[in-house]
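The block underneath contains the structure these notes are about, expressed in structure tokens.
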Amino acid sequence: MKILVINSGSSSLKFQLYNMDNMHVLAVGLIEQIGESKSRLKLDLPPTQTEQTITAQRKVGDHETAITIMFDLLKEHHCLDDVNELAGIGHRVVHGGESFSKSVLIDDHVCKIIKALSPLAPLHNPANLIGIRVIQKKAPKTPQVAVFDTAFHQTIPPKGYTYGLPQQLYDENRIRRYGFHGTSYSYVSKQAALHLGKDIGHTKLIVLHLGNGTSATAILNGNSIDTSMGMTPLEGLLMGTRCGDIDAGIIFYLARETGRAIQDIDDLLNKQSGLKGICGENDMRTIIAKAQTGDSTARLALDVFCYRIKKYIGSYLAALNGADALVFTGGIGENANIVRELSCHNMNSLGIELDPQKNNNQGTQRHIREIQTTGSNLKILVIPTNEELEIATQVLEHIQE
Ligand code: ADP
């Protein structure tokens, strides 16, 4: 049984084809710079086939063309002879607002709601919807499922999602914390429970999703009870180019004293801040390498990044009244041992004790690792995330219902 996972962005299309009988990936593809004069195509065929990467540059005018090319490529490389071979298609959708607390089979009503939620994610929801509409045309008989980044966090109680603003702004504009990276949290929390040998309904987890975007979530009995990203992905931990938590007063100061327009401030906080703002780099590998050769701004960026994580761990330990495990995931969480070390530094009185040797032993496989000392109260886990597999699994659940 084959399931296709689609992530349709404003100028890109990512896709992953699964054979759900053995959970093997049959193909992973990316089409970037859609609409520009030279678009880039990449198709990876994993070792189950003749392992190869196909790259090409050609003009891909719009998403419809991109999706036609995707199906042509999958056919050409014998991954999918006909769209009707697909048992289902999963779409990553960024914002489900308060309308979706889990994934949903797509119909016209669902599309209308995704569209209506666009003001909450103006760069993402319209692009996600284009992907859905085009695929609906190409594969009208295939069940399609929308999987929302926000859905996992709909269990956060009002005291966790309410901002200290006039309640009218919630009533009329739905201004509240939504949270993101939900598909990753859903996958990783289930993996953590399996690893701990516990029923997920009896677990307390603090999960740190550290990629280009970063967030932390407190998960009680499988439900998100608080998360660091807010109404938008700008709040919370320091990120590659986003500032995370700042004093909102800075925005007014910038407007008043420097005359910046609101769009410039938006760009400044989302694209010029975070790690990049502090040290000029947003790739954690580069920052670590520079910090290790004595670059003081790279070191400062690393310290701010990890100190912010440490503070969130502390606050979620309080929210959960202790935890079974602290989980690191995402490109940085899975690979950057120094980030894990600094984030857990000097927290033994809270029951967190990282074993430096286990932490540094990266291993070669993408598997779950425990990196705490034998005396640590909390387990400290490194769990590779897999958002695409989580989406495919949720599609499977819908079509088996
Ligand atoms: P995205 O949020 O785009 O999915 P990823 O989860 O792939 O991003 O994470 C990207 C981040 O992971 C980058 O900052 C990158 O530098 C970092 N990263 C990847 N591999 C390593 C590594 N071996 N050591 C340190 N950081 C790494």
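Applying Stokes-Einstein at 10 °C and 1.306 mPa s to the Kirkwood radius of the chain, computed over alpha-carbon pairs, gives a translational diffusion coefficient of 71 µm² s⁻¹. Can you name the helices of the chain, as whole DSSP H runs, whose Cα span along the helix axis is 15 Å or more and whose Kyte-Doolittle mean is not below 0.5? What comes out of the filter, once short or polar helices are dropped, is 296-320. Which lysines does K204 reach when only Cα atoms under 27 Å apart count, and residues fewer than 8 places away in its own chain are ignored? Qualifying lysines at Cα under 27 Å: K102, K159, K190, K310, K311, K358, K379.
The Cβ shell under 10 Å around K42 holds other residues with a net charge of 0, Lys and Arg each +1, Asp and Glu each -1. Each Lys or Arg adds one and each Asp or Glu takes one away; over the other residues whose Cβ falls under 13 Å from the Cβ of S103, this sums to -3.
If each DSSP helix of 4+ residues adds -39,500 (n - 2.57) and the sum is divided by the residues in the chain, what number results at 222 nm, nearest 500 deg cm²/dmol? Before the final figure, lay out the partial values.
Working: 15 runs with 155 residues, N = 401.
Theoretical 222 nm ellipticity from helices: -11500 deg cm²/dmol.
About its Cα centre, the dipole of the chain is roughly 360 debye, where the only charges are +1 on Lys and Arg Cβ and -1 on Asp and Glu Cβ.
Kindly work out what percent of the DSSP beta bridges joining two residues of region 83-238 are antiparallel, to the nearest 5. Intermediate results must be reported in sequence, preceding the final value.
On the way: 13 of 18 bridges.
Beta bridges within region 83-238, antiparallel portion: roughly 70 percent.
Note on K141: lysines with a C-alpha under 16 Å away, same-chain residues under 8 apart excluded, are K2. Of all DSSP beta bridges in the chain, what percent run antiparallel (nearest 5)? Of the beta bridges lying entirely in the chain, close to 70 percent run antiparallel. Close amide H pairs (under 5 Å, H built 1.01 Å from N) link S224 with T155, residues at least 5 positions away or on another chain. A DSSP coil position with no more than 10 other Cβ atoms inside 10 Å describes the following trypsin sites (Lys or Arg not before Pro) in region 98-144: K141. Within straight-line reach of K59, meaning a Cα separation under 19 Å, sit the following lysines at least 8 residues removed in sequence or on another chain: K14, K38, K42.
For G90, the residues whose modelled amide H falls within less than 5 Å of its own, excluding neighbours fewer than 5 places apart on the same chain, are L4, V5, I6, V145.
Any read-out appearing in this document is the output of simple, stated calculations on the displayed coordinates, not a laboratory observation. Everything numeric here is computed off the predicted structure, so don't read it as measured data. So basically every Cβ, Gly included, is an ideal-geometry build from the backbone, and we count neighbours across all protein chains shown.
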